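S.K.: Below you will find the structure I want to go over with you.
The values are calculated or read from the model by the stated rules, or taken from the named source; none is laboratory data. These figures come from a predicted structure and were not determined experimentally. Heads up, the Cβs are rebuilt from the backbone with ideal geometry, glycines too, and the neighbour counts pull from every protein chain shown. Remember, those area values only see protein heavy atoms, side chains included, never the ligands or the DNA or RNA. Shrake-Rupley method; radii C 1.70, N 1.55, O 1.52, S 1.80 Å.
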Amino acid sequence: MVIYEEFRSYLNYETFERDDENISFDLHLHNSFEIFYVIDGEVIVTIEGCDYCVSGGQAIMILPNRIHSYRTPVKSKSRVHIFANNYISSFYHKVKDKMALNPVFELDFSVLDELHTEGADKYLL
């Protein structure tokens, strides 16, 4: 069963972030972007039936309305950032009907903190 998270389908430039340990989260989707960052350990992220192993220092971007889940095989520390698709509307319109070939990437953790900095270039972030 897939859960539609209406409360994570943010409007009006809303954002959400949370730290987790040993995350396990069943299949779900929402109308928002999600950046999932692994601080330590590894997490298996499934997007539209494809599994990706995300290790410490890596992140994965989940586009709006993509079915996804999380599973920690052994241990993990992670942070999730969810933001409304109108947070960067020009980016949303470029990717709304697309799938990433490889959504896993290296990420400097401090960049995520800049999402809340006044005047930050959100598109660049």
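S.K.: Over the range 6-85, give the accessible area per residue in Å² for a 1.4 Å probe, as an integer.
M.R.: On the way: 3660 Å² over 80 residues.
Using a 1.4 Å probe on heavy atoms only, each residue of the range 6-85 averages 46 Å².
S.K.: Give me the Debye-computed log₁₀ of I(q)/I(0) at q = 0.29 Å⁻¹ for the range 47-100, equal point scatterers on Cα only, no solvent, two decimals.
M.R.: Relative scattering, expressed as log10 I(q)/I(0), comes to -1.34.
S.K.: Something else now. Order 36-45, 90-99 from most to least packed using the mean count of other Cβ atoms within 10 Å. Mind dumping the intermediate values first?
M.R.: Numbers: 36-45: 20.1, 90-99: 11.2.
Highest to lowest by the protection proxy: 36-45, 90-99.
S.K.: Could you tally the net charge around K75, taking each other residue with its Cβ under 10 Å from the Cβ of K75, Lys/Arg +1 and Asp/Glu -1?
M.R.: With Lys, Arg at +1 and Asp, Glu at -1, the net is -2.
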